[in-house]
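What follows is a short report on a single structure.
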Amino acid sequence: MTDHRLRRIVIVGGGTAGWMTAAALGRFLKDGYTTVTLVESEAIGTVGVGESTIPQINIFNRMLGLDENDFVRKTKATFKLGIDFVDWKRIGHAYHHPFGPYGVDMEGVSFHAYWLKLHALGLEDDLGAYSLQTVGARQGKFMRPNGQANSPLGQIAYAFQFDAGLYARFLRDYAEARGVTRREGRIQSVQQDGETGFVTSIALESGEVVEGDLFVDCSGFRGLLIEQALKAGYEDWSQWLLNDRAVAVPCALGGSLAPVTRATARPHGWQWRIPLQHRLGNGYAFCSQFVSEDEATALLLANLDGEPLAEPNLLRFTAGRRKKTWDKNVVAIGLSSGFMEPLESQSIHLIQVGIAQLLAHFPDRRFRQADTDRFNRVMTFEYETIRDFLILHFKATQRDDTPYWDYLREMPIPDYLADKIELFKGSGRVFRENEELFNDTSWFAVMIGQGVMPESYDPMADCMDEGLFKARMAEIKAVIARSAEVMPYHFAFIRANCDAMVG
């Protein structure tokens with residue numbers, strides 16, 4: 001029987017994508033199944049915008065078997081209950097996109113329908129009061145779920161905000177402890193098989209040649225293997241996602257330390273604010289057609305909550321995705337596979353999805369085309385549905401203060417998103433399609449938050465007696481409020497459990 005299993009896996013590039021991949025492969029490819037080598041150069045910097053995550057990262061952490069308090073300490077992380085959106089609907093307006101549901105469904109009918117009915121009756125407009133994550137974030141509080149049945153405190157969805165450089169170092173230690181080998185050096189050339197086009201090896205400036213059966217391209221925007229060698233092609237989405245620059249800078253701690261990422265719409269883009277234990281991460285994603293890099297940098301520096309701790313770092317990119325994420329024996333993960341700016345904190349999640357799908361479609365040296373094709377279909381769906389959710393934030397706006405927002409408000413949008421909006425405008429229905437990343441709560445939060453109000457509500461909500469319906473809604477809100485009262489303050493929780501300054 002012929003042994004076709006992979007003997008040598010080479011990861012090109014470190015940073016978040018490279019070391020997340022290395023950690024996962026080191027965790028599962030045990031007992032000498034294959035060698036895993038990561039090649040990176042200390043001379044090449046990494047893109048440091050992926051500092052904020054969504055709850056799915058907990059799946060990755062559990063998969064690796066991480067001790068959460070140790071992880072939080074070593075990455076100087078904080079916790080996150082959702083995202084605050086400021087000035088997106090219009091200047092002066094704010095809303096919260098929470099992790100976790102609003103209220104509870106009742107008698108088979110979505111809670112969203114009951115809230116819309118209450119709103120139609122003129123009795124309610126504070127959607128956030130029905131979300132523990134929103135109320136907790138407003139009060140600057142956090143706790144992990146306590147497992148209590150029939151309580152909002154028993155199922156608290158949360159994520160993390162961390163130092164991306166420390167995260168890569170943390171995962172490097174994890175991966176190397178599980179047999180992953182690191183090679184230092186710049187890649188000088190890529191060798192391919194003359195008949196198949198498969199990558200056979202990479203040569204470093206030092207003269208060292210690293211051979212492999214499977215190559216994982218984590219080389220960032222340049223796509224050293226997937227694009228420069230294999231010419232996979234790139235699908236440009238800048239007609240919908242205009243921003244093509246980002247300037248990032250850390251600053252000293254100041255202002256609110258609530259467990260949230262803040263996204264503030266600006267005249268020609270948006271600004272992120274990410275509180276960590278030791279500093280704030282800040283950045284401004286903008287469109288260079290409407291504002292210069294110098295002007296954007298000045299605007300960011302003028303809107304920090306503390307003194308800058310480094311020189312601003314400018315990034316240039318084109319929103320979109322690689323036409324083939326897996327081509328021949330090369331799989332692109334991270335920025336080499338595509339980028340859509342860090343809105344809704346999906347950048348690290350897309351790394352995680354790429355890793356999970358690589359493991360689900362793990363090849364042998366025959367590299368069956370059916371596996372590659374399905375991997376590419378799954379990744380295309382993931383990217384496109386996330387893209388459409390991001391476009392919603394820019395399309396659903398009342399802002400008319402700059403040509404930037406005028407274009408976004410009036411632009412044609414993909415059919416998938418147009419259908420979602422049209423369905424919602426009728427009776428507030430929104431559905432999660434084929435396990436797309438953002439569920440009905442996320443779509444509902446952004447639709448309502450940015451002023452897309454439906455004409456009516458699901459008529460099934462009228463099946464419940466009106467007195468009972470109002471009483472239940474009041475009770476749900478009261479339970480949320482009482483639950484938030486017992487939560488500790490965010491940084492008090494960190495100090496008691498996972499303070500980076502201790503130990």
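The values are calculated or read from the model by the stated rules, or taken from the named source; none is laboratory data. Just so you know, these numbers come straight off a predicted model, no measurement behind them. A quick note on method: Cβ atoms are made from the backbone with ideal geometry, for glycine too, and the neighbour counts reach across all protein chains shown.
The figures follow:
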{"quantity": "Any hit, the range 160-168, residues being of a type outside the set (Phe, Trp, Tyr), within 22 Å of the chain's Cα centre (by Cα) and either closer than 30 Å to Met453 by Cα or part of a strand (DSSP E or B) (or both)", "calculated": "yes"}
{"quantity": "Residue match in the range 470-487 (condition: at pLDDT 95 or above, within 23 Å of the chain's Cα centre (by Cα) and either in the same structural domain as Ala258 (by TED's automatic domain parsing) or surrounded by 13 or more Cβ atoms within 10 Å (Cβ to Cβ) (or both))", "calculated": "no"}
{"quantity": "Within the range 484-500, tally of residues that are more than 12 Å from Gln139 (Cα to Cα) and free of Cβ contacts under 8 Å to residues at least 24 places away in the same chain", "calculated": "3"}
{"quantity": "Filtered residue count, the range 130-140, keeping only those that are surrounded by fewer than 21 Cβ atoms within 10 Å (Cβ to Cβ) and either assigned to a helix (DSSP H, G or I) or in contact with a Lys or Arg (Cβ under 6 Å, 6 or more places away or on another chain) (or both)", "calculated": "1"}
{"quantity": "Members of the range 421-446 found to be over 16 Å from Leu116 (Cβ atoms) and not polar (S, T, N, Q), listed by number", "calculated": "Glu422, Arg432, Glu433, Glu435, Glu436, Leu437, Phe438"}
{"quantity": "Residue match in the range 126-145 (condition: closer than 28 Å to Tyr167 by Cα, of a type in the set (Ser, Thr, Tyr) and without any contact (Cβ under 8 Å) to a residue 60 or more places away in the chain)", "calculated": "yes"}
{"quantity": "Residue in the range 419-442 that is of a type in the set (S, T, N, Q) and more than 20 Å from the chain's Cα centre (by Cα) present", "calculated": "yes"}
{"quantity": "Selection count where residues are at pLDDT 90 or above, out of contact with any Phe, Trp or Tyr (no Cβ under 9 Å at 6 or more places or on another chain) and buried (at least 16 other Cβ atoms within 10 Å of the Cβ), scope the range 41-66", "calculated": "2"}
{"quantity": "Complete set of residues in the range 445-473 that are in a helix (DSSP H, G or I), over 29 Å from Trp88 (Cα atoms) and not acidic (Asp, Glu)", "calculated": "Pro459, Met460, Ala461, Cys463, Gly467, Leu468, Phe469, Lys470, Ala471, Arg472"}
{"quantity": "Enumeration of residues in the range 99-125 that are aromatic (Phe, Trp, Tyr) and either without any contact (Cβ under 8 Å) to a residue 40 or more places away in the chain or within 17 Å of Met464 (Cα to Cα) (or both)", "calculated": "Phe111, Tyr114, Trp115"}
{"quantity": "Candidates Val109, Val104, filtered to the one that is surrounded by 15 or more Cβ atoms within 10 Å (Cβ to Cβ) and β-branched (Val, Ile, Thr)", "calculated": "Val109"}
{"quantity": "Residue within the range 141-159 that is out of contact with any helix residue (DSSP H, G or I) (no Cβ under 8 Å at 6 or more places or on another chain) and surrounded by 18 or more Cβ atoms within 10 Å (Cβ to Cβ) present", "calculated": "no"}
{"quantity": "Residue list for the range 173-193, restricted to those being without any contact (Cβ under 8 Å) to a residue 40 or more places away in the chain and within 17 Å of Leu214 (Cα to Cα)", "calculated": "Ser189, Val190, Gln191, Gln192, Asp193"}
{"quantity": "Residue count, the range 153-185 (criterion: of a type in the set (D, E, K, R) and more than 15 Å from Arg73 (Cβ to Cβ))", "calculated": "6"}
{"quantity": "Among the residues listed as Glu341, Glu311, the single one being in a loop (DSSP other than H, G, I, E, B), closer than 23 Å to Arg245 by Cα and either in the same structural domain as Ile202 (by TED's automatic domain parsing) or among the β-branched types (Val, Ile, Thr) (or both)", "calculated": "Glu341"}
{"quantity": "Residue tally, condition crowded, with 24+ Cβ neighbours inside 10 Å and aliphatic (A, V, I, L, M), over the range 309-339", "calculated": "5"}
{"quantity": "Of residues in the range 67-118 being modelled with pLDDT of 95 or more, part of a strand (DSSP E or B) and aliphatic (A, V, I, L, M), the one farthest from Arg409 (Cα to Cα)", "calculated": "Ile83"}
{"quantity": "The listed residue being in contact with a Leu (Cβ under 7 Å, 6 or more places away or on another chain) and under 21 Å from Pro342 (Cα atoms), out of Asp244, Asp213, Asp236, Asp217", "calculated": "Asp217"}
{"quantity": "Any chance Ala445 is touching a residue at least 60 places away in the same chain (Cβ under 8 Å) and in contact with a strand residue (DSSP E or B) (Cβ under 6 Å, 6 or more places away or on another chain)", "calculated": "yes"}
{"quantity": "Pair list, Cβ < 8 Å and 6+ apart or interchain, from the range 68-81 residues that are farther than 16 Å from Pro275 by Cα to residues that are part of a helix (DSSP H, G or I)", "calculated": "Glu68/Asn61; Asn69/Asn497; Phe71/Asn61; Phe71/Phe170"}
{"quantity": "Residues of the range 1-38 that turn out to be without any contact (Cβ under 8 Å) to a residue 60 or more places away in the chain, over 15 Å from Pro363 (Cβ atoms) and assigned by TED's automatic domain parsing to the domain that holds Phe170, as a count", "calculated": "2"}
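Residues checked against (1) farther than 30 Å from Phe215 by Cβ; (2) at pLDDT 95 or above; (3) not in a helix (DSSP H, G or I):
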| site | (1), (2), (3) |
| --- | --- |
| Asp371 | no, yes, no |
| Asn376 | no, yes, no |
| His393 | yes, yes, no |
| Ile413 | yes, yes, yes |
| Glu422 | yes, yes, no |
